[in-house]
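The values are calculated or read from the model by the stated rules, or taken from the named source; none is laboratory data. Values in this document were obtained by computation on a predicted structure and should not be read as measured data. Ideal geometry is used to build each Cβ from the backbone, glycine not excepted, and the neighbour counts take in all protein chains shown. Each accessible area value is taken on the protein alone, full model and side chains, heavy atoms only, with ligands, DNA and RNA left out. Shrake-Rupley method; radii C 1.70, N 1.55, O 1.52, S 1.80 Å.
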Amino acid sequence: NFRCTQQSVGVENQLQHLASIIQVLDPKLHDHLETLGGGDYLFAFRMFMVLFRRELSFGDSLYLWEMMWALEYDPDMFSTYEESGPATDRSAQGYKPRVKSTRQFGKYERANMKSATNGVDGPVPISVFLVASVLKENSQKLLQEARGLDDIIRILNNVNGNLDAKKACAGALKLHAKYLRKMQGKKA
């Protein structure tokens, strides 16, 4: 959350990614949030900071965190396996690094590695898609009932303790796949 780049701070970057994802996957909701003054998505700040601890039971929080951490990887790790730059001291001594295949990574990591080339800050963490899934799940309620930022916060606070971790994870992974398909379609 606090990793800094030259462009932004981590949580700010996550909020920007969230805005982009909702804009692509649910433009009507994004426009409504913009109209209400929530286009910066600061109402989602708490979810990123406490990693859904308030939205889930303790057991579900552990499940979700385990899943999130299992899906994360060091974006630089892949480049070290594929590095084919100038000879290093090791290669001068006859050491040849073993090039590892992307097959060792899971489906999420491989898709994220492919999409990482389009952004300076690397791949979008699964936590952003989890927040997006919460917004999508509450989309109708947000569109019908939210008349201001207070309403957005009230609606999202009603999720506290009522979120199903497995359902949210499944929704996040589906949104991730849908987002990648839409983004690939724009490139083509």
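Structure summary
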read-out	value
Number of positions in segment 23-41 that are in contact (Cβ under 8 Å) with a residue 12 or more places away in the chain, part of a helix (DSSP H, G or I) and farther than 19 Å from residue 133 by Cβ	0
Selection within segment 140-166 - open to solvent by 80 Å² or more (accessible area, probe 1.4 Å), modelled with pLDDT under 90 and assigned to a helix (DSSP H, G or I)	166
Single condition residue 99 does not satisfy, out of (1) modelled with pLDDT of 90 or more; (2) open to solvent by 90 Å² or more (accessible area, probe 1.4 Å); (3) not basic (Lys, Arg)	(1)
Enumeration of residues in segment 1-34 that are modelled with pLDDT of 95 or more and more than 15 Å from the chain's Cα centre (by Cα)	26, 27, 28, 29, 30, 31, 32, 33, 34
Qualifying residue in segment 167-179 (condition: within 18 Å of the chain's Cα centre (by Cα), more than 22 Å from residue 49 (Cβ to Cβ) and crowded, with 20+ Cβ neighbours inside 10 Å)	yes
